[in-house]
Amino acid sequence: MHIVKFAFESVGFDVRLMRGGLASLVWNLAREFADQGHRVSVITPAHGCLDHLRAHYELEELDYADRHTVPLVLDRDVWSGHPAELDLRLTTRAHRLRHEGVDIYFLSDEYLDLLPERIYPARASEGRDLAFFKPLVFQVSGLRFLRTHLDLGAEPAVVQAYEPYYHYLLPPVLRSDPRFLVVSTLASNMPINQQVHRPQLERLLELFDTETDLDALADRPARGALARAMTAQLPSTHLADPPVTDGISYFALVAAGSDLLDFLTPGQLDFYSTFRDTPFERAFQDLTVARVVRESAARQFVGGCAVPDGWLARDPAGVDRAQVLGDLGLDPELPTFYHVARFSVHHKGQVELFRAIDAVLAADPDVNFVVRCAVAAGGDGVVSAVGDPYFQEVADRHPDRVRLDWAMAGEDVLHQEAVAADYCLFPSKFELDSFLIAQGQLMACGVVPIGTAQEVTTHYRHQLPREHPEATGFAVPRSFTEDDPFLAAALADRILQAARLHREEPGEYRRLSDNARALARRFTWRKAATTRLATFAAAAAGVLPGLTPERAARYGWFESLADTDWITHVREIAEASLLRGDLAAYRRCVSTVDRAALEQLFAAAYARADFARCAELAGLLDDPGLTAALERRCLVERVGEGVRIEYRLQHAESVLLVLPSGEHRLTGSDGHFTTVLAEEPPGPLVFQLRLLGGRCAWDERPVDARRPAAPVGAGLGRD
């Protein structure tokens, strides 16, 4: 078949043109597809780097000069001071580079050549700099090139587009074109509710003579104190964006129109389906995109990701650890911890990382840290600007223990540093990563991981208990908070544990190292490509991946189950409904619901802080004490002109009060938290709870400042 890749970043064989894992993903799959005998074309922006490409490769200029107009319809709430509408009149040209059997088409015009160093527009440029629309221009220019100029040939054409934000126009525009099977590949987990201004979207769809029912994809306005509080607070978790005036979720547009939705890992598919246990889970359930995700479940599959073949082929025995660490000014006799990522202080958990490094070296000075935070382009060995003065200050205070580098590095340097390391540090946050190729590369060298217990990276098994025979390393809790003190403390604790293990239990360290190496080397591009090729071929023949009853039950999608599933999979459904405290689903699985089952359902709902279900179940249990105790979890007492708020939940780690005026972190521990407000809140109290098991939940309570605080704690002995 002919596989056309549509990607904003794709040149994974040239460090000068790489900014993240997307380039590696696109390129390695392209090369593998070509190796297996398929025709592969890549459509991508030139990013102002044609001179570099000419200097290093045989670049062919095509007879292509597309003079066209990209209409912009600006959201007045965002783009104040700019015209409401304007036209970008562009001339898009194309160059072709044939590399390792793959045809790469570089598109170049006045907008696609912007930002040659960073490639991606900064989020902060929205509302200020029209360069923000570079990805939108790529969609328009790339679609025009695909539809009118690219020779598709006689083979079936599969358009594999990467990242919904960079291709949301493709599924609706190409849906009615019989020449194409459209596959959307999710390389990272951008906020699923991120929206495009509807008037802008409508104008672009008109440009391509495409009709789409956008009303069916629109969200209802948020109503009620809980919904408003979640809308205000969730952007700080990086899981959700604030709603756009008259906006449409572009992921809903992609999911509704794509023939296949391709995920990199099983955990990524699970996470993006439900946002289980995150602060966003409750709000997600009320969004239109949640419905579209369920409706598109039969078209979703896990294509996989991999460690690059060239990396796996390298021989670690050729690296002299003592020399590598010595050249970095570090003591090779000490346990060495390594972090390598692009500079992203919140996404990559780098603020917490440096707080942990500072704390660790105060407690155990005999530890090395090699930290690489790539700030900008420039190629291997080119020094970049300091990304964060605090990070640099920590490194400068410990010159013989911390080596901090801000530059991009080539594979030779990265492999030497990987082999010299004992542990790798990946405290990524907000579940924004997916496969996390860098972690796989390091594990393939036997480096033991210390990483966040993200759902999207469970395939690396570092979150398993250390005594588990398949464990590979250490885990720190998931985090959805900027500058998270819980994550920083946990990371410091794990590093200290790991240093002790390395010194005192070398056999156990070798077991984890061997597990990490063996696991990572199983993730190959041949396997990832073969899985996708089989799925593409099946979909072209009308056979979709499908939604299994087990997956639907695990997600709590009981309404998606067929009548026969309730017979053939009754055990799995009953277990899933019990774990969720879902009485309605459980009733369909059993002949009668006895008191013991009601108590089990209540305990599960209470553990999840699902108090609406708790109240329903407490009523059915006819237990007034239980009902009263539930009511007393939040008590309010007038203090002068203000109020004192007391919240008690034995399995809560932290409690955040979200009010229209801002956030208030309640102080306390051991399940007892308090705060004092100078004024009585105008409406219901809304709390975000962080539970000891890692789950986040929401709770809404009425304000009753006339009631004195009463003893709390009786009647809920099920914690």
>> What's the total number of residues in the range 600-638 that are in contact with a helix residue (DSSP H, G or I) (Cβ under 8 Å, 6 or more places away or on another chain) and free of Cβ contacts under 8 Å to residues at least 40 places away in the same chain?
In response: 14
> Mind checking which residues of the range 136-177 are closer than 20 Å to Y120 by Cβ and of a type in the set (A, V, I, L, M, F, W, C)?
Replying inline: L136, V137, F138, V140, L143, A161, L169, L170
> If you go through the range 150-162 one residue at a time, how many are open to solvent by less than 10 Å² (accessible area, probe 1.4 Å) and not aromatic (F, W, Y)?
Replying inline: 5
> What number of residues in the range 360-374 are aliphatic (A, V, I, L, M), surrounded by fewer than 22 Cβ atoms within 10 Å (Cβ to Cβ) and free of Cβ contacts under 8 Å to residues at least 40 places away in the same chain?
Replying inline: 1
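Out of all the residues in the range 667-697, which are part of a loop (DSSP other than H, G, I, E, B) and over 28 Å from the mean Cα position of the chain (by Cα)?
D670, G671, A678, E679, E680, P681, P682, G683, P684 - these are the residues of the range 667-697 that are part of a loop (DSSP other than H, G, I, E, B) and over 28 Å from the mean Cα position of the chain (by Cα).
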>> Take Y166 and tell me if it is modelled with pLDDT of 95 or more, within 25 Å of G37 (Cα to Cα) and hydroxyl-bearing (S, T, Y).
In response: no
>> For a quick check of your reading of the model, give me the residue pairs whose first member lies in the range 209-233 and is within 15 Å of V244 (Cβ to Cβ), whose second is open to solvent by 50 Å² or more (accessible area, probe 1.4 Å) and β-branched (V, I, T), with beta-carbon atoms closer than 9 Å and at least 6 apart or on different chains.
In response: A222/T231
>> For the range 296-310, give me each residue that is open to solvent by 20 Å² or more (accessible area, probe 1.4 Å) and either under 28 Å from A609 (Cα atoms) or in contact with a strand residue (DSSP E or B) (Cβ under 9 Å, 6 or more places away or on another chain) (or both).
In response: R299, V302
>> part of a helix (DSSP H, G or I), hydroxyl-bearing (S, T, Y) and within 21 Å of L226 (Cβ to Cβ): is that true of Y586 in this structure?
In response: no
> Since D622 meets every condition but one in (1) open to solvent by 60 Å² or more (accessible area, probe 1.4 Å); (2) in contact with a Leu (Cβ under 9 Å, 6 or more places away or on another chain), which condition does it not meet?
Replying inline: (2)
>> Tell me whether the range 315-337 contains one or more residues that are part of a strand (DSSP E or B) and modelled with pLDDT of 95 or more.
In response: yes
>> One residue is enough: does the range 346-359 have a residue meeting the conditions at pLDDT below 95, open to solvent by 30 Å² or more (accessible area, probe 1.4 Å) and within 22 Å of the chain's Cα centre (by Cα)?
In response: yes
> Does the range 60-69 include one or more residues that are β-branched (V, I, T) and under 27 Å from D433 (Cα atoms)?
Replying inline: no
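Quick check on my filter: what residues within the range 478-496 are of a type in the set (A, V, I, L, M, F, W, C) and in a loop (DSSP other than H, G, I, E, B)?
F480
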> Out of the residues in the range 597-651 that are among the aliphatic types (A, V, I, L, M) and not in a helix (DSSP H, G or I), which is nearest to T675 (Cα to Cα)?
Replying inline: I645
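For the subset of the range 276-292 comprising residues that are over 30 Å from W79 (Cβ atoms) and without any contact (Cβ under 8 Å) to a residue 40 or more places away in the chain, which member is surrounded by the fewest Cβ atoms within 10 Å (Cβ to Cβ)?
Out of the qualifying residues, it is Q285.
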> Can you tell me which residues in the range 351-368 are assigned to a helix (DSSP H, G or I) and touching a strand residue (DSSP E or B) at 6+ places or on another chain (Cβ under 7 Å)?
Replying inline: L353, I357
>> Within the range 63-81, does at least one residue satisfy the condition of being open to solvent by less than 10 Å² (accessible area, probe 1.4 Å) and among the acidic types (D, E)?
In response: no
> Which of the residues that make up the range 435-469 are open to solvent by 10 Å² or more (accessible area, probe 1.4 Å) and within 22 Å of G694 (Cβ to Cβ)?
Replying inline: L436, A453, E455, T458, H459, R461, Q463, L464, P465, R466, E467, H468
> If only one of F138, F133 is closer than 26 Å to A34 by Cβ, open to solvent by less than 30 Å² (accessible area, probe 1.4 Å) and among the aromatic types (F, W, Y), which one is it?
Replying inline: F138
> among the hydrophobic types (A, V, I, L, M, F, W, C), outside any strand (DSSP E or B) and in contact with a Cys (Cβ under 8 Å, 6 or more places away or on another chain): does that describe L53?
Replying inline: no
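Taking the range 294-314, which residues are part of a helix (DSSP H, G or I) and in contact (Cβ under 8 Å) with a residue 60 or more places away in the chain?
Scanning the range 294-314 gives R294, A297, A298, R299, D309, G310, W311, L312.
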>> Among the listed residues R299, R223, R282, identify the single one that is closer than 19 Å to P171 by Cβ and charged (D, E, K, R).
In response: R299
> If we scan the range 311-329, do we find a residue that is open to solvent by 20 Å² or more (accessible area, probe 1.4 Å), under 17 Å from I495 (Cα atoms) and of a type outside the set (S, T, Y)?
Replying inline: no
>> For the range 231-266, give me each residue that is in contact with a strand residue (DSSP E or B) (Cβ under 9 Å, 6 or more places away or on another chain), in a loop (DSSP other than H, G, I, E, B) and either basic (K, R) or crowded, with 22+ Cβ neighbours inside 10 Å (or both).
In response: S258, L264, T265
> Among the residues of the range 11-57, which ones are surrounded by 18 or more Cβ atoms within 10 Å (Cβ to Cβ), over 21 Å from L114 (Cα atoms), of a type in the set (S, T, Y) and at pLDDT 95 or above?
Replying inline: S41
> Under 6 Å by Cβ, and 6 or more places apart or on different chains, what pairs join a residue from the range 112-136 that is farther than 20 Å from H95 by Cβ and modelled with pLDDT of 95 or more with one that is among the aliphatic types (A, V, I, L, M) and crowded, with 18+ Cβ neighbours inside 10 Å?
Replying inline: A131/L114
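The values are calculated or read from the model by the stated rules, or taken from the named source; none is laboratory data. Worth saying up front: this structure is predicted, and the values here are computed from it rather than measured. Cβ: placed from backbone, ideal geometry, glycine included. Neighbour counts: every protein chain shown. In case anyone asks, the SASA skips ligands and DNA or RNA and just uses the protein heavy atoms, side chains included. Shrake-Rupley method; radii C 1.70, N 1.55, O 1.52, S 1.80 Å.
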